[in-house]
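Following: one structure in structure tokens, then a few remarks.
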Ligand SMILES: [Zn+2]
């Protein structure tokens, strides 16, 4: 685990060892800037010799994985948990406004249908997700000299392919090519069994004209089947099996539609505006999967995916044992708290029994954030990584650990711990 260092002017320098950081802190040559991730700021002037770090981003709709590599070593790994309450909150606000117009007050013109959407408009829920992703990269850039940023934007690159339906794949050997072909077939047949439409089951790559009868390994002869259908079909062709349409569809190559989700294309666009066009590159899921499983041999997780994204194709690194968990939270700057002209207060005030919303607390040996408060009664405590309720406890028993800053809450999590928990093994006693 490295310690992040800022120069006297507050510019990010290369991370250092905890030992050196300790010496600097003891001799008052540096001061602590942030606990999570641990960052110090020097009190003496240095020459800034930096080797830019590489950052990888695994975009997602709920969680974002993010990793940074500096001088061939993973220095930061975090999982960002995005907000999923935006839609709900906007509906609520709309309801309140609607209600307010109907109350006996002066006439207020309805103002909801008179706005023009700017170019590149995203729905607020997606906007929040893309902003949070970009913010996480900027956050890393605040304590690490970031050079290149790589973003995974989708599972499969239809634009880069040289039409596997036409090209003879037998002659394009190599393992990545195998991955590529697999992804291509999965994409083309929409990840379901071509014969019984089964989803969410282990799918097998199936030869429409079987190998035993001279069928080729070309993409135009491949489809997806669940194990049962594959067994059942045996040495028959798809037509003999009763599916002439499968045979017909197989001949039509996948449309060259490079579909990138609107959120991740916005993320890439915004990152390019910050870090420069040439510094931000995109990658695809099949490449990440290949690197994570074949090269790095890591289990599936958002942060491990992010490490795989940032690695070169033959670069081998070790992931950290300590992963940061970042949960995006509402800041709570609402009109209802804003003094004289605030609305009628029918909610809990800003502080209840000395605690604000979303403060990180410990209680009964566990750590979590305050997700719900009651004037009389127990508070609701939720887990930072999962966002699930862990306990309800009286505020008397709570001990404050940290407050949310900049709209999110950061904690650390030992990866070994989480694996042990998922395994379900319990120690005796
Ligand atoms: Zn099937």
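I need the calculated FRET efficiency for the pair residue 227 and residue 190, taking r as the beta carbon distance and R₀ as 30 Å, to the nearest 0.05.
0.95
Taking 0.36 nm per intervening residue step and subtracting the Cα-Cα distance, what contour gain separates residue 102 from residue 9 on full extension? Numbers along the way, then the final one.
Working: separation 93, 0.36 × 93 = 33.48 nm, distance 5.50 nm.
Stretched fully, the residue 102-residue 9 segment lengthens by 28.0 nm.
Averaged over all directions, how much area does the convex hull of the C-alpha atoms of segment 1-132 cover when projected, in nm²?
Averaged projected area of segment 1-132's Cα convex hull equals 13.3 nm².
At a Förster distance of 56 Å, what's the computed FRET efficiency of residue 17 paired with residue 364, Cβ-Cβ distance as r, to 0.05?
0.95
Counting other C-beta atoms within 10 Å, which of 369, 96 has the fewest, and how do the rest follow?
With the sparsest Cβ surroundings first, the list reads 96, 369.
Once you sort the root eigenvalues of the Cα gyration tensor of segment 269-313 as a ≥ b ≥ c, which label holds: rounded (a/c under 1.5), prolate (a/b larger than b/c) or oblate (the other case)?
prolate
Take the alpha carbon atoms of segment 23-52, find their center, do the same for segment 90-112, and report the distance between the two centers in whole angstrom.
52
Which distance in nm do the two modelled labels at residue 138 and residue 321 give, with both placed 7 Å along the Cα-to-Cβ direction?
3.5
At residue 401 and residue 272, where each label point lies 7 Å from the Cα along Cα→Cβ, what is the point-to-point distance in nanometres?
Reported label-point gap for residue 401 and residue 272 is 4.0 nm.
Can you tell which of 227, 98, 235 shows the greatest fluctuation in a Gaussian network model of the chain with Cα springs below 10 Å?
The residue with the greatest mean-square fluctuation here is 98.
What is the packing order of peptides 38-46, 283-291, taking the mean over residues of other C-beta atoms within 10 Å and listing the highest first?
By packing density, highest mean first, the sequence is 283-291, 38-46.
For helix 175-188, report the angle its Cα long axis makes with the longest principal axis of the Cα atoms of the chain; keep it between 0 and 90° and round to the nearest 10°.
Value to nearest ten degrees: 90.
How much length, in nm to one decimal, is gained on full extension between residue 25 and residue 331, taken as 0.36 nm per residue of separation minus their Cα-Cα distance?
106.9 nm
Angle between the Cα long axis of helix 262-275 and the longest principal axis of the chain, 0 to 90 degrees, nearest 10?
Tilt of helix 262-275: around 60 degrees.
Could you check the spin-label model distance between residue 212 and residue 33? Points 7 Å from the Cα along Cα→Cβ, value in nm.
Here the answer is 6.7 nm between the modelled labels.
Going by average Cβ density within 10 Å per residue, which order do the peptides 299-310, 106-117 take, highest to lowest?
Highest to lowest by the protection proxy: 299-310, 106-117.
How large is the helix-only mean residue ellipticity at 222 nm for the chain, computed as the sum of -39500 (n - 2.57) over DSSP H runs with n ≥ 4, divided by its residue count, in deg cm²/dmol to the nearest 500? Display every interim value, and only then the final one.
On the way: 10 runs with 110 residues, N = 429.
After summing the helix terms and dividing by residue count, I get -8000 deg cm²/dmol.
Where a number appears in this text, it was derived from the coordinates with a stated rule and is not lab data. Quick caveat, the model's predicted, so the values are computed rather than measured. With ideal geometry, Cβ positions are generated from the backbone for all residues, glycine too; neighbour counts draw on all protein chains shown.
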